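The values are calculated or read from the model by the stated rules, or taken from the named source; none is laboratory data. Predicted, not measured: the structure shown is a model, and the values here were computed from it. Note: ideal-geometry Cβ built from the backbone for every residue, glycine included; neighbour counts use all protein chains shown. The protein model used for the area step is the full one, side chains on, heavy atoms only, and it has no ligands, DNA or RNA in it. Shrake-Rupley method; radii C 1.70, N 1.55, O 1.52, S 1.80 Å.
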Amino acid sequence: MSAQEIAIASLDGGSFSGYLATPTAGVGAGMIIIQEIFGVNQVMRRLADAYAAAGYVALVPDLFWRQQPQVQLDDHSEEDWNKALQLFQGFDEDKGVEDLIATLNTLRQLPECTGKVGSVGLCLGGKLAYLMATRSDAECNVGYYGVGIENNLEEIGNIQKPLMLHIAESDQFVPPEAQATIRVQLSGHPQVTVYSYTGVSHAFAREGGQSYDQAAAELANSRTMAFLQRHLS
């Protein structure tokens, strides 16, 4: 695989950067990797590399560019956590989705991309993956422990393409009441699959992170890969 930084034209003028990882085969379905609150850091780049190794053209857009471009923070640092939370609080969610749609447009136009594009998001990205399902025409979307999905459940009727959500039952940022609401509201939707993972907390799939749980991560990731293969191949 190969990797490089590319420019993505925003929908309202200007541009922002994205980390692009291309598979060895040179062509594949597109995959938008949607960042956590720590920016396009080493964790996100490694994740993109892993998707490229699996045959996808993976692109991680810099969603904090409107506040501070090129943010790279570490979940092991208290100072970085404080900075990440500050950026999260200042994040314009609607503009973030617009930037993801711009990323979707860019990926589809790349010669390496087959034209089919999905998204996978974690934490902040998990919520944005849900909003990509309600506001974009991406072929499929996957959200890991998205924070605040319960605040946008009125958009459920807009979901036309497959969506998978992974919920951590001990998520300190998504209380049990919110989890229950999400499950009840989304149950029965023909395009939505929701999995809950007992005994794990937020960011259980962040390899090397403080809350990483290998068994739960491997199970969630295997479900994700089968889902993507089904809808993007």
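Some notes on this structure:
- For the range 186-218, filtering for residues that are more than 17 Å from the chain's Cα centre (by Cα), over 22 Å from Asp75 (Cα atoms) and surrounded by fewer than 16 Cβ atoms within 10 Å (Cβ to Cβ) leaves 7.
- Total residues in the range 25-56, condition at pLDDT 95 or above and in a loop (DSSP other than H, G, I, E, B): 10
- With respect to the stated conditions, Val147 is open to solvent by 20 Å² or more (accessible area, probe 1.4 Å), free of Cβ contacts under 8 Å to residues at least 60 places away in the same chain, more than 25 Å from Ser233 (Cβ to Cβ) and within 13 Å of the chain's Cα centre (by Cα).
- For the range 161-173, the candidate set comprises residues that are touching a strand residue (DSSP E or B) at 6+ places or on another chain (Cβ under 7 Å) and under 19 Å from Leu128 (Cβ atoms); within that set, the residue that is most open to solvent (accessible area, probe 1.4 Å) is Lys161.
- Of all residues in the range 200-231, those satisfying the criterion of being more than 20 Å from Met31 (Cα to Cα) and touching a helix residue (DSSP H, G or I) at 6+ places or on another chain (Cβ under 8 Å) are Val200, Phe204, Gly208, Gly209.
- Restricted to the range 74-92, and to residues there that are part of a loop (DSSP other than H, G, I, E, B) and modelled with pLDDT of 95 or more, the residue that is most open to solvent (accessible area, probe 1.4 Å) is Asp92.
Every residue, every condition in (1) within 16 Å of Ala180 (Cα to Cα); (2) touching a Lys or Arg at 6+ places or on another chain (Cβ under 9 Å), yes or no:
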{"position": "Ser119", "(1), (2)": "no, no"}
{"position": "Thr134", "(1), (2)": "no, no"}
{"position": "Ala138", "(1), (2)": "no, yes"}
{"position": "Asn152", "(1), (2)": "yes, yes"}
{"position": "Asn158", "(1), (2)": "no, yes"}
